[in-house]
Amino acid sequence: MPSSPDVAVVGAGIVGCAVAAFLAEAGATVTLVERDEVASGASGRNSGVVQHPMDPALLHLFTETVGHYRHLAAHGFALPAEPHGLLLVAEDEAALAGELAAIRRGYPELAAEALAAGEPGKLEPALAPDLAAVRLHTGYAVPPAAATRAFAARAQAAGARLRIGEHAALASGGLAVGAERLAAGAVVVAAGPWTPELVDPSGTWRPIMPIWGVNVEVRLAAPPRHALEEIGVEQLIARRGDPPPLFSLITAEGTSSLGSTFLPRKPDAVALAPSLRERGTRFVPELGATPIVSVRACARPHAADGRPLLGRAPGIDDVFVAAGHGPWGISLGPASARLLADLVLGREAAPPAVFEPARFAR
Ligand SMILES: Cc1cc2nc3c(=O)[nH]c(=O)nc-3n(C[C@H](O)[C@H](O)[C@H](O)COP(=O)(O)OP(=O)(O)OC[C@H]3O[C@@H](n4cnc5c(N)ncnc54)[C@H](O)[C@@H]3O)c2cc1C
């Protein structure tokens with residue numbers, strides 16, 4: 001292996017693994033450095049649904065990502081042919097009216113369908129009988145870490161070198177990896193919520209904040225097929241302080257991820273798990289009698305304006321940033337990675353301005 005790669009990538013989440021794969025497949029010599037394990041961050045601890053982001057600026061990233069996922073079967077990831085469907089559920093039918101109208105107006109492709117109180121329970125017998133819902137034509141349920149692992153395998157198959165269990169920091173002309181200097185033609189920082197501290201250890205530039213989520217893994221006897229989400233996530237993400245949890249449940253390959261929280265500080269996941277299950281029981285009664293298999297907490301990399309940062313790191317030559325996908329990284333990350341790889345390779349002059357990292361001044 002050459003000691004000076006063309007590109008060093010920091011972070012083996014969905015974004016870093018996909019960037020490494022695209023660069024290596026284009027002929028670059030790539031080293032990917034991960035301090036923990038592949039998919040050890042949010043990319044392995046998410047809820048596992050690939051879904052429409054409901055933001056016009058992000059829509060093309062979603063569409064392209066679905067396309068990328070169609071080409072991962074050889075590396076162990078297969079996206080279902082059709083979405084399982086997303087049910088936005090509520091105890092109160094009136095709470096859905098505003099959301100339904102906005103989605104119908106903004107995203108006719110989602111074929112939003114109103115389900116009056118009682119109807120969702122006929123569609124999904126696991127649901128409490130009195131709930132109302134909006135059904136959307138989106139939401140592919142997938143095992144949370146599967147796409148990231150597949151991109152890591154694809155990167156390796158294309159010749160990328162993975163250095164796992166090693167901490168990286170920016171250094172002049174490349175990276176400091178542990179005690180070693182790794183000279184590199186370019187560096188891509190795809191370190192999720194930890195990206196700003198790599199780019200600016202002084203602490204001044206902080207456009208991406210962690211929003212902590214707790215997910216509880218359960219195995220239901222009769223899990224719902226749709227992805228389930230309690231109405232109100234958007235408002236919760238925008239709220240300051242410690243908002244209460246919202247119910248979500250996504251099932252892939254027989255295992256369900258029950259969520260979730262949106263907290264500014266790392267929570268005690270084990271202590272929170274019973275309250276998530278209790279809340280979930282109001283929507284899926286079987287949860288009350290279902291043992292908890294495991295609990296996980298992880299930070300969503302939340303950009304201050306809700307859109308990823310893709311491009312040159314402000315004020316640092318040959319360093320690029322690919323991070324800040326918040327709750328959408330599995331749904332958008334591969335397309336972002338392709339954009340960033342094209343920029344590093346000189347195929348694109350710049351990604352769309354809406355993703356420019358320098359929109360947040362240092
Ligand atoms: C509870 C929860 C549920 C979610 N559900 C969904 C969902 O259903 N659908 C969806 O699309 N998205 C979901 N998301 C969001 C999605 O998981 C993230 O947006 C995405 O995984 C972020 O990927 P990333 O590659 O940017 O960062 P990460 O996955 O955080 O990866 C960054 C990596 O960088 C490494 N790293 C950091 N610093 C260093 C360093 N100095 N040296 C070496 N390595 C370093 C970390 O160890 C980590 O592995 C969810 C997130 C959470 C927390």
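The values are calculated or read from the model by the stated rules, or taken from the named source; none is laboratory data. Computed from a predicted structure; not experimentally measured. Glycine also receives a Cβ, built like all others from the backbone with ideal geometry; neighbour counts cover every protein chain displayed. These area figures cover heavy atoms from the full protein model, side chains too; ligands, DNA and RNA do not enter into them. Shrake-Rupley method; radii C 1.70, N 1.55, O 1.52, S 1.80 Å.
In table form, for the structure just shown:
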quantity: Built amide H within the under 5 Å cut-off of R161, gap 5+; calculated: V30, T31, L32
quantity: Surface per residue (accessible, 1.4 Å probe) for the stretch 150-214, Å²; calculated: 39
quantity: Over the stretch 147-301, relative contact order from alpha-carbon pairs under 8 Å, at least 6 apart, %; calculated: 24
quantity: Kyte-Doolittle mean at least 0.5, axial Cα span of 20 Å or more - DSSP H helices of the chain; calculated: 329-344
quantity: Modelled FRET efficiency - R0 30 Å, A81 with R104, Cβ distances, 0.05 increments; calculated: 0.75
quantity: Longest to shortest principal axis, alpha-carbon extents of the stretch 1-150, angstrom; calculated: 63, 30, 25
quantity: Share, in percent, of DSSP beta bridges within the chain that are antiparallel, nearest 5; calculated: 70
quantity: Total formal charge among the other residues, if their Cβ is under 15 angstrom from that of A353, Lys/Arg +1 and Asp/Glu -1; calculated: 0
quantity: Among T290, V134, A361 - extreme Cα towards positive end, dipole of the chain, charges at beta-carbon; calculated: A361
quantity: R0 of 25 Å, Cβ-Cβ distance A95-I292: FRET efficiency to nearest 0.05; calculated: 0.30
quantity: Environment charge at S294 (Cβ cut-off 14 Å; Lys +1, Arg +1, Asp -1, Glu -1); calculated: +3
quantity: By average C-beta atoms within 10 angstrom, highest first, the peptides 253-263, 132-142, 177-187; calculated: 132-142, 253-263, 177-187
quantity: Furthest towards positive pole of dipole, A112, S43, G311, structure part the chain, Cβ charges; calculated: G311
quantity: ³J(HN,Hα), Karplus 6.51/-1.76/1.60, whole Hz, each residue of the stretch 201-208, x for Gly, Pro; calculated: x, 5, x, 6, 8, 9, x, 10
quantity: Relative contact order (%) - the stretch 1-141, alpha-carbon pairs under 8 angstrom, separation at least six; calculated: 22
quantity: Rg ratio (alpha-carbon, reference 2.2 N^0.38 Å) - the stretch 104-208; calculated: 1.78
quantity: A350 paired with A176, simple spin-label distance in nm, labels 7 Å along Cα-to-beta-carbon; calculated: 3.2
quantity: Cβ-defined net charge surrounding E93, 11 Å radius [Lys, Arg +1; Asp, Glu -1]; calculated: -4
quantity: Solvent-free Debye scattering, log10 I(q)/I(0), computed from the Cα coordinates of the chain at q = 0.11, 0.15 Å⁻¹; calculated: -0.72, -1.27
